Structures are given as structure tokens and as C-alpha cells.
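Below is one structure, written out as C-alpha cells, with a few remarks after it.
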Amino acid sequence: RGTLYIVATPIGNLDDLSPRAARILSTVSVIAAEDTRHTTRLLQHLGVQKRMVALHDHNERARMGVVLEELEAGNSVALVSDAGTPLISDPGYVLVREARNRNLPVSPIPGACAFIAALSAAGLPTDRFLFAGFLPAKRSGRKGILEGLQDESATLVFYESPHRILDTVQDLVDVFGGQREVVLGRELTKAFETFYSGEAKEVLGALQADPHGTRGEFVVMVRGADSQSGDDEAGAIEVDRLISALVGELP
Ligand code: SAM
């Protein structure tokens, strides 16, 4: 039985493709790609010609039969998306699930992932984070999700498209308050890589003031709710109460 390799590809800078990923792409029998034209450009860069199967969100269930047949026949297949790690806000879950159900070997070839890259350089706590993918396109849905995360203490991480970024940062101000710390990572690994960071209202202002502010791809990160300070306050009140009680007991 062949192996299904889940191959991460660059999120902008082609040098981020690992030598191992390049070797796998050049040796598998078939590449299952989100967009074959997009992947053709990457393969041209590598000097590789390969049979491809288009596997995107709308046909994944229908087309995965072709991939599973290849694997059952003993041929290896690489799954790639347009950028970064497949299955991370990208197609592939249905295929990987089915391959695992059939006990076919599935092996990751790790590499770029936009939100991991963003988090690693943002300066926000990374010990606990909650990646929530894309927020809903409509404002009411978006605010509903954000309101549900208001008290979450882990760092929050989202993907956002350039034409909604201003609305989304405005929603962050509305829901979390203008003072919550926000970091945006834009065009990571590309020529115009930019980080915007500060209080939510400052980040909104910086984005509005930047003529290129709403171009490119964004990772949105929000500092988690500060549960610690609340606990400290409660703790301090408790200690005061205890001291008063003890003082009252003194002869
Ligand atoms: N699978 C990809 C990954 O591993 O990151 C994510 C694919 S998702 C369809 C595309 C979103 O990822 C973009 O809308 C943006 O939010 C984020 N993204 C991708 N490349 C990026 C980059 N170079 N800089 C900032 N964000 C990026």
C-alpha cells in the first residue's frame, strides 16, 4: 500500500519548501492539489512534472476515490494545498479521515503554516492558544463568535481576508474593548511582511492610516482575557479578610 504524504508548501517565500518536501513531490506517483494551476507553478520552480488530481472543498468527497485507489494499488500520493499546511483552513480532512479508516499509511511532511509563523513572532503568550480559522463573513455571525470568546484566556488566532480586515478589527474593538492587545501578521515571508501590534484601537488606527493596510493576507491574534489579574484581586481580598480575622483574635 502506498503512503499518503501531507506536504506543507510555502506561504509566500519559495525557499521555505523543505528539501524533504521537494524530494517527496518529485517521487510520488500522483499529487492531489487544491488548485492544479497554482501547484504547477511550484512544480515548475522545482523542475518536476507530475500527474495531478484536483482535490478542493467542493469535490473532495467525489474525487478522493481516485486517490484511495492509487494508495490501495501501492502508489504513493502527496496532498498539497495552495499555501502552507493542508487541512489547516484548507481541504484534506475528508481524505485523511478515510485513508486512516482504511488503515492506509498517512505521513506528514511539515513546513510552513501561516498562524504558527505569525504566533512565533508576535510577542503574545504562546503557551496556550486557540486557533479558530476564518471568522464568519457577516458581521452578526462574526460578533457572535467573538462574544463567545470574550472570557477565553488563551491567545486567540484567526485567519482573515484583506477585504474584511478593517471590519474585523473594528469588531475586536467593539467586543473585546479598545485596550485589548492585538497583533496582525500581514504578508508573512513576503516582500511586504508587516506586523501591526498594540491596543486594538491603535491597531485599527494604524491599519486605516496605512495605504497598503488592507492589502495582502492576514493572521489576526488577540491576547487572551486576563484571568490572572482577577484572581490576584480576589486573592488579595481573601488575605485582607484573613488578616483582619487573625488581628481580631489577638489578645
Ligand atoms: N493552509 C494554510 C496555512 O497552513 O497557513 C492556510 C490557508 S487559508 C485558505 C489562507 C489564509 O491563511 C489567508 O487568508 C491568511 O489569513 C492566512 N495566510 C496565508 N498565507 C499568509 C501569509 N503569507 N501571511 C499572512 N497570512 C497568511
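Just so you know, all these numbers are worked out from the coordinates, no wet-lab data involved. Being a predicted model, the structure only gives us computed values, none of them experimental. Note that we place each Cβ from the backbone using ideal geometry, even for glycine, and neighbour counts take in every protein chain shown.
Here are the numbers for this structure:
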| quantity | calculated |
| --- | --- |
| Rounded Å value of the spacing that divides the Cα centres of segment 152-171 and segment 91-132 | 19 |
| By average C-beta atoms within 10 angstrom, highest first, the peptides 74-87, 197-210, 39-52 | 74-87, 197-210, 39-52 |
| Neighbour net charge for GLU147 - beta-carbon separation under 15 angstrom, K R +1, D E -1 | +1 |
| Charge dipole of segment 83-173 about the Cα centre (unit charges at C-beta), most positive-ward option of LEU146, LEU156, LEU95 | LEU95 |
| Where N is the number of residues in segment 139-217, Cα Rg divided by 2.2 N^0.38 Å | 1.06 |
| Förster-model FRET efficiency, 51 Å R0, ARG102 and ALA209, C-beta, rounded to 0.05 | 0.40 |
| Options VAL7, LEU17, VAL48, ranked by Cα towards positive dipole end of segment 1-56, top entry (Cβ charges) | VAL48 |
| Expected 222 nm ellipticity per residue - DSSP helices of 4 or more, -39500 (n - 2.57), all of the chain, to 500 | -13000 deg cm²/dmol |
| nm² value of the averaged projected area, convex hull over the Cα atoms of segment 1-104 | 5.8 |
| Distance between modelled label sites at ARG1 and ASP35, nm, 7 Å Cα→Cβ extension | 3.3 |
| Paramagnetic reach from GLU202 in segment 153-167 [backbone N under 19 Å; point 7 Å along Cα→Cβ] | 156 |
| Computed over the chain: relative contact order in percent, which uses C-alpha pairs under 8 Å that are six or more apart | 19 |
| FRET efficiency, 1/(1 + (r/R0)^6) with R0 30 Å, evaluated for ASP57 and GLN179 via beta carbons | 0.20 |
| Student exercise, segment 1-80 dipole from Lys, Arg, Asp, Glu Cβ charges, in Debye to nearest 20 | 220 |
| About the Cα centre, charge dipole magnitude for segment 71-213 (Lys/Arg +1, Asp/Glu -1 at Cβ), debye | 340 |
| Estimated D of the chain in µm² per second, where Rh is the Kirkwood radius over Cα pairs and Stokes-Einstein applies at 37 °C, 0.692 mPa s | 159 |
| Charge context of ARG164, other residues only, Cβ under 15 angstrom, K/R +1, D/E -1 | +1 |
| Test item: Cα-centred dipole of the chain, Lys/Arg +1 and Asp/Glu -1 on Cβ, debye | 1460 |
| Nonlocal amide H pairs with LEU79, under 5 Å, H built at 1.01 Å | TYR5, ILE6, VAL7, ALA32 |
